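Here is the structure we will look at, set down as C-alpha cells.
The values are calculated or read from the model by the stated rules, or taken from the named source; none is laboratory data. If you're wondering where the values come from, they're calculated on a predicted model, not measured in any experiment. Neighbour counts run over all protein chains shown; Cβ positions are idealised from the backbone, glycine included. Accessible surface is based on the protein model in full, side chains and every heavy atom, while ligands, DNA and RNA are left aside. Shrake-Rupley method; radii C 1.70, N 1.55, O 1.52, S 1.80 Å.
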Amino acid sequence: MQFALGSSTVWSVDTDRAVTIAPSQLKPLSWEAAATALLAISAVLLFGLGTTFPQVRAFGYAPMLAALAIGWSVNRSFARDLSIIAGCLALISAISVEADISWTNIARMGVVLSAVVIGPWLVTRYGFDDQTIQFPLRLGQPWSRLEWAWLVFVVVVAWAVLPQYFMRTGVYLNWPPLTNWSEIIRLFFGVNAVGIWDELFFICTVFALLRKHFSFWIANVFTTIIFVSFLWELGYRSIGPLLTIPFALVQAFIFTRTKSLPYTVTVHLLFDALVFLTIVHAHHPDALPIFIGV
C-alpha cells in the first residue's frame, strides 16, 4: 500500500521490503531466532537488570555465548552477523553508559561507541564484501508533507509526555544536577551525540544485520529489546520502556520507509531536544518555565 503526498512524493508502507537487501526470511520458530532471542536476553541482563541488580550482570554473558554456539552450529552466514552484534554488545558492556557528563566519561564513551559503529561497517564492507550496513542520505529528495507533519507531531508529543515522565517518576535524577553552564553544555552535547549514535548503531547496524535474515517485524522486535535495555542503563527507567519501546519500533519503520538517515536522525534529535529541555527544567524550573502540568 502507498500514500501519495503532493504531486509526486510517495511513501510506501510495505514493511516486507528492506532498505537495501532481500532477506532470507527466517521463521520466528527457528534455531536462528532462538539464538537471537538469547542475545536479546543477554542485553536485558547486561544493561537492564544488570543496572538495577549489579550482581546479575555477569550472568548476561552466558546467553550471549549460548546464542553464538547455536548460531555457528546451524547457520554460518547468520552466525557471522550475530557475532558482530554480540561483539559490539560485549564491548559496550565493558564500560558504564549511565548518564555521566564528566569529560573523562565522554571521551571513554566516545571511543567505545564509535568503535562499535565503525568496526562492523569496516568488517562487513571490506572483510566480507557485504554492503548490508549502509547510511543512506537520500540526497536531492525533499521531505514529504507527511514527513514534515511527523516532525511536528514528535515535538508536540515529546513536549506533552516527557516532562510528566521525567518529573513525576523522578528519573531526571539519573542525570547530573547541572550546577553550572559547563555541565548544561556537556549534557546538550552528550544527549545529541548519543541520539545520533543510537541510529547509527541500533538501526543502521543491529537492525540492518538482523533484517538481512528475518522479516521486518521480527528484526525490529529483537532490535527494540536490545535498544531499550541500553536506554535503561542510560537512565530511562521506571516506566521508561512504555515510551522507549514504541519509539524504537517506530524509528526502524521510519528508517526503512524513508531510506533517509538524516530524516531518521532528525526525528530522534527533536525528541532528544525535549529530553534535554526537560532535564534542565526539572533541575531549574524557574529558569526554563516552558512546560505545563508539572
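Could you look at region 190-294 and say what percent of its accessible area is carbon and sulfur, using a 1.4 Å probe and all protein chains? Show your work: numbers first, answer last.
Numbers: 2420 of 3060 Å².
Answer for region 190-294: carbon and sulfur cover 79 percent of the accessible area.
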Other-chain or far-sequence residues with amide H under 5 Å of Leu26's (modelled H): Phe214, Ser215
Within-13-Å neighbourhood charge of Thr52 [Cβ basis; K, R +1; D, E -1]: 0
Kirkwood Rh in Å, taken over all unlike Cα pairs in region 123-270: 16.7
Over the chain, relative contact order from alpha-carbon pairs under 8 Å, at least 6 apart, %: 28
Three semi-axes of the equivalent ellipsoid, region 186-236, Cα gyration tensor, whole Å, largest first: 24, 12, 6
Dipole axis of the chain (+1 Lys, Arg; -1 Asp, Glu on Cβ), positive-most option in Ala90, Phe78, Gln141: Phe78
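Are there any trypsin sites (Lys or Arg not before Pro) in region 27-92 that are in a DSSP loop and have at most 14 other Cβ atoms within 10 Å? List them by number.
Numbers: sites: Arg57, Arg76, Arg80; in loops: none.
Hits after loop and neighbour filter: nothing returned.
Could you calculate, for the chain, the ratio of the Cα radius of gyration to the Kirkwood radius, expressed as Rg to Rh? Walk me through the numbers before you get to the answer.
On the way: Rg = 19.3 Å, Rh = 20.0 Å.
My calculation of the ratio gives 0.97.
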Å³ per residue enclosed by the Cα convex hull of region 112-182: 209
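From the protein chains alone at 1.4 Å, what is the descending order of accessible area for Val116, Val194, largest first?
On the way: Val116 5, Val194 25 Å².
Final ranking, largest accessible area leading: Val194, Val116.
What does the accessible area per residue of the chain come to in Å², with a 1.4 Å probe and no ligands, DNA or RNA counted?
Working: 13450 Å² over 294 residues.
Counting only protein heavy atoms, the per-residue value for the chain is 46 Å².
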Selection from Leu29, Phe53, Asn174, by position along the positive dipole direction of the chain (Cβ): Leu29
Charged-residue dipole, Cβ positions (Lys, Arg, Asp, Glu), region 66-188 about Cα centre, Debye nearest 20: 140
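What is the percent of Cα-Cα separations in region 14-134 that go past 22 Å?
Values: 3316 of 7260 pairs.
I get 46 percent for the Cα pairs in region 14-134 exceeding 22 Å.
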Dipole magnitude of region 31-283, debye to nearest 20 (Cβ charges: Lys/Arg +1, Asp/Glu -1, about Cα centre): 300
Solvent-accessible surface ranking, highest first, for Phe255, Phe153 at 1.4 angstrom: Phe153, Phe255
